[in-house]
Amino acid sequence: MNITTFIIVSVIKTALVLFVLLTAVAYTVWLERKVVGHMQNRWGPTRVGPFGLLQPAADGIKFLFKEDLTPPHVYKPLYIAAPMLAVIFAVTSIAVIPFGNWFSVGNFRTPFQITDVNIGLLVVLGITSLGVYGVALSGWSSNSKYSLLGGLRASAQMVSYEIALGLSLVGVLILAGTFSLRGIVEAQAGHFWGFIPNWFIFRGGQFVAFFIYLTAAYAETNRIPFDLPEAETELVAGYHTEYSAMKFAMFFMAEYANMITVACLASLLFLGGWSGPLFGPSWLQQLLPLLWFFLRVFGFLFVYIWVRGTLPRFRYDQLMAFGWKFLLPLAIANLVVTALVVVLKP
Amino acid sequence: MVPLSYYLVLSGILFACGVTGFLIKRNIITIFMSIELMLNGVNLSFVAFAARWQQLSGQVFVFFVMVVAAAEAAVGLAIIIALFRTRETLNIDQVNLLKL
Amino acid sequence: MLHLILFSVFGLVCVGGAVNLLLQRHPINSALSLVVVMGALAVEFLLLGAEFVAAIQVIVYAGAVMVLFVFVIMLLNAGEEERTSGSRVAWLLGIPAVLAGMVIVCWALLARSNAGVAAIGALPGHPADIAQLLFHQFLLPFEVTSVLVLIAIMGAVVLAARPESVERTKREG
């Protein structure tokens, strides 16, 4: 592939993935409102379009045309930059995530992924670890006590849970032997005992790692039951108290984009990525992996919403104790056990 | 192709900026950040030398530098918090007594 | 050529960030410019092929250490620094000395350099190779640093914990 085709293909892929991601973000919001509504014996959005399906568009237009208030005492450069940072870091990590196998038309062949790097998982971890800045800086620059408390809580919480999150993934890395997300999915191909798929969740005690990863990821994305940084009963709206209109919407988008990244990573690392039955003509065989991948991501997003509709919020000291005294030792124990299993296995 | 000396000059400039910050800054947190900047400059020359001699040890040293920097930041920030609790200032010119 | 362009662009970002760290009066601005320096340095590492080091640089430095700095600045509500007489001495004597030393080092490096050139990805630092080195040749230093980190954790906890006497007077008083 020469450099011109490479650039054109990359630009097209990036635009396509961005479009799909932003649409997915909008419809995850819709899904959440609808599902939580039904769980609480309400209808959720019904007025705009059939089943309220046009609600995200209406919300988007509303956010665009609302007055963008800037409170007088904020530290302006950071106040404006913070939501942008949040959204940029949330969206960028999608660049290394593979959605399916290879796509080929005639001689042309490209993966369903913007780019495949051999430190893919580290790139995702690095970019998501930078996501703290958006939240922390918005809390600090708003110059309001609720925002500041939210920002402080967010930075402490995200740094703490990042450790458990990273350690829970080491077991998978030991089994797969590569940082490349595509390589990790390929390491999960096939079955054992004839019928059980060779997913990492079923192997070497990685079920524990899966549990740790999901819990820590909920805390990383500031979702219930770990949404202390924006606990509306204590902190008004936490770190985005002083934000309105599009800037507020950016934090919202960042949160949901992060949820989608977490769901993608969980599917790739533990549930075999895009593996699934392939049948039909060759074009269908190329596109079916996308569907299987999408189903897993949808499942994870549904669990996110389900958890939100079910669990109450932690208290802050409980949150810290849970992260440091329970999840972290558990992650280390899981790591030791996985390493022993790999070493002792003939 | 970039001459290796360019990388070393860049690393030297970063180190000099760190030294300057260490000298002229009065806020103890910023002084700490200047130290981090110096360590970063050194890391760059480690990686550049690793590329020059085709020895991965240079890159391994960077890890040790990072671990030491992280440990130093943790202890240093704890000291800053303890200091702020007793003196209620971050200006090092006002921290000139060994006891209260 | 591409290498030189990328090197210069991110090198300029590095130097700009470092100078901005010096010029800014507010610690949070300094901290953010240091984050920029670290990000640009990660790109320079990538240009030399040290991909794993670059990733760790972003995760550990920009994502953890600097977040701690920002956290402490937020926690202590650090304001702009004041100018005092102590810094004037440093300005007058320190800056010229540093500049002179810098110029000499740069001149020595550029004029008498036979250090060779580096291409893009001059030494690919694959994680597996680095791990080989880290867990065989450098096993002892690795274990020693782990002890160091443990001591640092305990030190940080002891230092940052409130003294019990303070706690008790608060409770009673």
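The values are calculated or read from the model by the stated rules, or taken from the named source; none is laboratory data. From a predicted model like this one, the values you see are computed outputs, not experimental measurements. Backbone-built Cβ (ideal geometry, glycine too); neighbour counts: all protein chains shown.
A single entry from C:ILE5, C:ILE56 fulfils the requirement of being away from chain A (no Cβ under 14 Å) and either out of contact with any Ser or Thr (no Cβ under 9 Å at 6 or more places or on another chain) or in contact (Cβ under 8 Å) with a residue 40 or more places away in the chain (or both): C:ILE5. Applying the condition of being touching a residue at least 24 places away in the same chain (Cβ under 8 Å) and in a helix (DSSP H, G or I) to the range A:137-148 and asking which residue is farthest from the other protein chains (Cβ to nearest Cβ) yields A:TYR146.
One line per residue, one yes/no per condition, for (1) under 26 Å from A:LYS247 (Cβ atoms); (2) acidic (Asp, Glu); (3) modelled with pLDDT of 90 or more; (4) touching a His at 6+ places or on another chain (Cβ under 9 Å):
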| site | (1), (2), (3), (4) |
| --- | --- |
| A:GLN40 | no, no, no, no |
| A:LEU54 | yes, no, no, no |
| A:ALA57 | yes, no, no, no |
| A:ALA81 | yes, no, no, no |
| A:PHE99 | no, no, no, no |
| A:ASN118 | no, no, no, yes |
| A:THR128 | yes, no, no, no |
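Within the range C:11-26, can one find any residue that is facing chain A (nearest Cβ under 10 Å) and either on the phi > 0 side of the Ramachandran plot or surrounded by fewer than 21 Cβ atoms within 10 Å (Cβ to Cβ) (or both)? Yes: the range C:11-26 contains one or more residues that are facing chain A (nearest Cβ under 10 Å) and either on the phi > 0 side of the Ramachandran plot or surrounded by fewer than 21 Cβ atoms within 10 Å (Cβ to Cβ) (or both). When the criteria are applied in full, C:ALA42 meets the requirement of being at the interface with chain A (Cβ under 10 Å from one of its Cβ atoms) and either within 30 Å of A:SER147 (Cβ to Cβ) or out of contact with any Pro (no Cβ under 8 Å at 6 or more places or on another chain) (or both). Inspect the range A:204-222 for any residue being surrounded by fewer than 24 Cβ atoms within 10 Å (Cβ to Cβ), within 13 Å of chain C (Cβ to nearest Cβ) and over 20 Å from the mean Cα position of the chain (by Cα) and give the result as yes or no. No: the range A:204-222 contains no residue that is surrounded by fewer than 24 Cβ atoms within 10 Å (Cβ to Cβ), within 13 Å of chain C (Cβ to nearest Cβ) and over 20 Å from the mean Cα position of the chain (by Cα). Residues in the range A:224-256 that are within 21 Å of the chain's Cα centre (by Cα) and not β-branched (Val, Ile, Thr): 20 in all. The requirement of being over 27 Å from A:GLY190 (Cβ atoms) and surrounded by fewer than 12 Cβ atoms within 10 Å (Cβ to Cβ) is fulfilled nowhere in the range A:280-291; no residue meets it. A:GLU242 meets each of the listed conditions (1) assigned to a helix (DSSP H, G or I); (2) buried (at least 23 other Cβ atoms within 10 Å of the Cβ) apart from (1). Where helices (runs of 4 or more DSSP H) fall wholly inside the range B:1-98, the ranges with 1 or more residues that are in contact with a Phe, Trp or Tyr (Cβ under 7 Å, 6 or more places away or on another chain), more than 7 Å from every other protein chain (Cβ to nearest Cβ) and over 28 Å from C:ILE73 (Cβ atoms) are B:28-53, B:57-87. Here B:THR86 passes the criteria (1) at pLDDT below 85; (2) under 22 Å from C:VAL65 (Cα atoms); (3) surrounded by fewer than 16 Cβ atoms within 10 Å (Cβ to Cβ) except the one numbered (2).
The condition of being surrounded by fewer than 19 Cβ atoms within 10 Å (Cβ to Cβ), among the β-branched types (Val, Ile, Thr) and modelled with pLDDT of 85 or more holds for only one of B:VAL95, B:VAL68, B:VAL47, that being B:VAL68. Of all the residues in the range A:261-305, those that are under 26 Å from A:VAL36 (Cβ atoms) and of a type in the set (Phe, Trp, Tyr) number 7.
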